[in-house]
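Input: a single structure, listed below in structure tokens.
The values are calculated or read from the model by the stated rules, or taken from the named source; none is laboratory data. Just so it is clear, the model here is predicted, and its values are computed rather than measured. So basically every Cβ, Gly included, is an ideal-geometry build from the backbone, and we count neighbours across all protein chains shown.
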Amino acid sequence: MITTAQSLIDVIRDAQNAGTAVGHFNIADLALLKGVFEAARAINVPVIVGASQGEQDFMGTRQLAALVKSLREEFDFPVFLNADHTHSLAKAVDAVKAGFDSIVFDLSSLPLEENARQTRDAVEHLKSINPSVLIEGEIGDIGTGSEIHEDAPSQTRPLTTPGDTRHFAETTRIDILAPAVGNMHGMHKSMVSGRESKHLDIGRISEIKAATGLPPHSTWLWNCGSGSEAGDSCRDQHCAYQHRAPSGVETRFGARARGAGRRSRPL
């Protein structure tokens with residue numbers, strides 16, 4: 001039986017090395033939390049539960065953290081808590097102080113340099129509160145919302161470039177990087193009916209991985225979701241983190257920045 005001896009980043013690294021994935025499931029109430037937790041225990045795998053700003057407002061940020069902590073301690077089982085798509089430093093601070101294991105600090109709607117500046121400042125502040133918390137930064141346009149979208153997929157949405165990725169990761173010193181590589185939030189109606197699929201650009205993922213120049217101990221994360229025809233190729237790239245939302249599966253790609261977890265490193 002697995003236990004809570006490992007940290008979240010250790011669990012993700014082990015998954016990458018083993019060619020497996022760590023599931024991430026958003027929750028909005030106690031029933032969903034217990035369902036995800038019991039399913040993970042039944043098959044003896046670690047799991048991440050996520051809560052967006054709206055879900056935290058509904059359940060209570062501290063209350064949710066207390067629930068996850070109580071499950072982890074009572075059953076000695078590795079369940080981790082992620083603050084999903086946090087758009088303000090104040091909300092991120094609340095989540096870190098409450099005991100969340102990771103924060104998605106999402107300012108991807110801003111121009112790259114402003115996004116990098118504010119994300120870097122957030123990393124420094126959040127790490128001063130808890131040096132072990134993992135911070136994810138986002139760049140590129142992958143849309144918003146996990147619902148079923150009415151409009152057709154955009155064929156002109158640009159992908160994140162390897163150069164921008166390296167600049168952003170090195171500037172901000174984030175733990176996890178989420179660029180746009182053909183992924184998107186939610187699903188279009190045409191995807192539900194099977195007429196369209198998400199298409200991850202595996203070549204671009206490889207270019208981004210090479211461009212960052214990260215050391216061997218770094219952890220690379222992909223979210224390989226349903227609605228994508230790139231699952232097998234994504235697994236070939238050592239997918240380690242699968243993000244599921246209530247109305248579908250979101251596809252996201254990330255990279256652990258060099259030196260993460262050091263007390264002196266700002267993130």
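Remarks
- Counting only strands (runs of 3 or more DSSP E) that sit wholly inside segment 12-113, those with at least 1 residues that are among the small types (G, A, S) and farther than 18 Å from I129 by Cβ are 22-26, 47-51.
- Checking each residue in segment 25-70 for being within 26 Å of A5 (Cβ to Cβ), of a type in the set (D, E, K, R) and either exposed (fewer than 13 other Cβ atoms within 10 Å of the Cβ) or in contact with a strand residue (DSSP E or B) (Cβ under 7 Å, 6 or more places away or on another chain) (or both) picks out only E38.
- Residue check for F100: crowded, with 23+ Cβ neighbours inside 10 Å, on the phi < 0 side of the Ramachandran plot and in contact with a Gly (Cβ under 7 Å, 6 or more places away or on another chain): no
- Residue in segment 116-123 that is in a strand (DSSP E or B), touching a helix residue (DSSP H, G or I) at 6+ places or on another chain (Cβ under 6 Å), under 23 Å from P179 (Cα atoms) and without any contact (Cβ under 8 Å) to a residue 40 or more places away in the chain present: no
- Exactly one residue out of H167, H185 is in a loop (DSSP other than H, G, I, E, B) and either within 19 Å of the chain's Cα centre (by Cα) or modelled with pLDDT of 90 or more (or both), and it is H185.
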